[in-house]
Amino acid sequence: MKQLPDHVVAYKRTSEFTEDSVPAGLLRAHHTAASVWAKIVVLEGQLQYTINEPQPETTILDKNVFGVVEPTVLHEVKPLGKVRFYVEFHR
């Protein structure tokens, strides 16, 4: 599983999203800026996290497994039923 580098620090966090309120942009391939990492934190339920490049990789996130978004790498999420999550940005 990918990990955040030791040298990055959190600087911003989204509000909590649910299966009904997740922004459409997160459901299709998108990326962070060149120096921005992100941590996807699931509070309840499950979220499918797909890294689209360089090698496609899909992981099921839950309260025990978080997702790491690397800078500029295309990725997307998909709620698997009822879910609550947020995204924390690091640089």
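Some points to look at:
- Residues that are closer than 18 Å to residue 6 by Cβ and hydrophobic (A, V, I, L, M, F, W, C) within region 35-91 comprise 36, 37, 38, 66, 68, 69, 89, listed in sequence order.
- Any pair with Cβ under 6 angstrom, 6 or more apart, that starts in region 60-75 at a residue that is at positive phi and touching a residue at least 12 places away in the same chain (Cβ under 8 Å) and ends at one that is loosely packed, with under 15 Cβ neighbours inside 10 Å and of a type in the set (A, V, I, L, M, F, W, C): 72/34
- Residue 54 meets all of the listed conditions (1) at pLDDT 95 or above; (2) surrounded by fewer than 13 Cβ atoms within 10 Å (Cβ to Cβ) but one, namely (1).
- Restricting region 17-51 to residues that are hydroxyl-bearing (Ser, Thr, Tyr) and under 13 Å from residue 90 (Cβ atoms), the residue that is surrounded by the fewest Cβ atoms within 10 Å (Cβ to Cβ) is 35.
- Taken together, 39, 78, 12 contain a single residue that is touching a helix residue (DSSP H, G or I) at 6+ places or on another chain (Cβ under 8 Å) and at pLDDT 95 or above, which is 78.
The values are calculated or read from the model by the stated rules, or taken from the named source; none is laboratory data. As the structure is a computational prediction, the values presented were derived from the model and not from experiment. We place every Cβ from the backbone using ideal geometry, glycine too, and count neighbours over all the protein chains shown.
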